[in-house]
Amino acid sequence: MKVIEMEKIYLFANEACPYCQKVMATLKEKSIEFEFVEIPMDREQRPTTEWNGKTYAELFDDNITIPKMIIEENGEQTKIMSSDEMIDHFSK
């Protein structure tokens with residue numbers, strides 16, 4: 001029997017960021033569960049913010065803008081790099 005893993009969504013964002021707020025509102029409106037990973041508004045602190053043993057800069061190839069998203073499903077990781085792409089992804 002093949003085990004199917006549930007999709008897990010990680011949103012790297014800050015509640016004070018208007019782009020992040022737009023994505024969070026879309027996810028909540030569509031009742032999509034996600035794990036919120038707080039990223040500082042201060043751009044100088046972002047590169048060294050750690051998650052699962054990697055820095056934010058390492059996770060996203062030195063692109064430190066917010067928001068960012070990682071979707072894990074069946075052992076695969078998909079990275080979404082902008083708020084518009086995130087909203088489009090969940091509007092299908």
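The values are calculated or read from the model by the stated rules, or taken from the named source; none is laboratory data. Every value quoted in this text rests on a predicted model; they were computed, and no experiment measured them. Virtual Cβ from ideal backbone geometry, glycine too; neighbours counted across all protein chains shown. Heavy atoms of the whole protein, side chains included, go into the accessibility calculation; ligands, DNA and RNA do not. Shrake-Rupley method; radii C 1.70, N 1.55, O 1.52, S 1.80 Å.
General remarks:
- Pick from region 22-39, criterion open to solvent by 50 Å² or more (accessible area, probe 1.4 Å) and not in a loop (DSSP other than H, G, I, E, B), ranking: farthest from Glu85 (Cα to Cα): Glu38
- Pairing residues of region 21-47 that are under 21 Å from Ser91 (Cβ atoms) and among the β-branched types (Val, Ile, Thr) with residues that are outside any helix (DSSP H, G or I) and open to solvent by 50 Å² or more (accessible area, probe 1.4 Å), at Cβ distances under 8 Å and at least 6 apart in sequence or on separate chains, gives Thr26/Ser91.
- Remark: pairs (first residue in region 58-84, without any contact (Cβ under 8 Å) to a residue 12 or more places away in the chain; second residue open to solvent by less than 70 Å² (accessible area, probe 1.4 Å); Cβ separation under 6 Å; 6+ apart in sequence or on different chains) = Gln77/Ile70; Thr78/Ile71.
- Any hit, region 51-63, residues being open to solvent by 50 Å² or more (accessible area, probe 1.4 Å), in contact with a Leu (Cβ under 9 Å, 6 or more places away or on another chain), under 20 Å from Lys8 (Cα atoms) and assigned to a strand (DSSP E or B): no
- For Thr55, the conditions (1) among the hydroxyl-bearing types (Ser, Thr, Tyr); (2) closer than 18 Å to Ser91 by Cα; (3) within 15 Å of the chain's Cα centre (by Cα) all hold with the exception of (2).
- Considering residues of region 68-87 that are more than 12 Å from the chain's Cα centre (by Cα) and either among the aliphatic types (A, V, I, L, M) or farther than 20 Å from Glu15 by Cα (or both) only, the residue surrounded by the most Cβ atoms within 10 Å (Cβ to Cβ): Glu73
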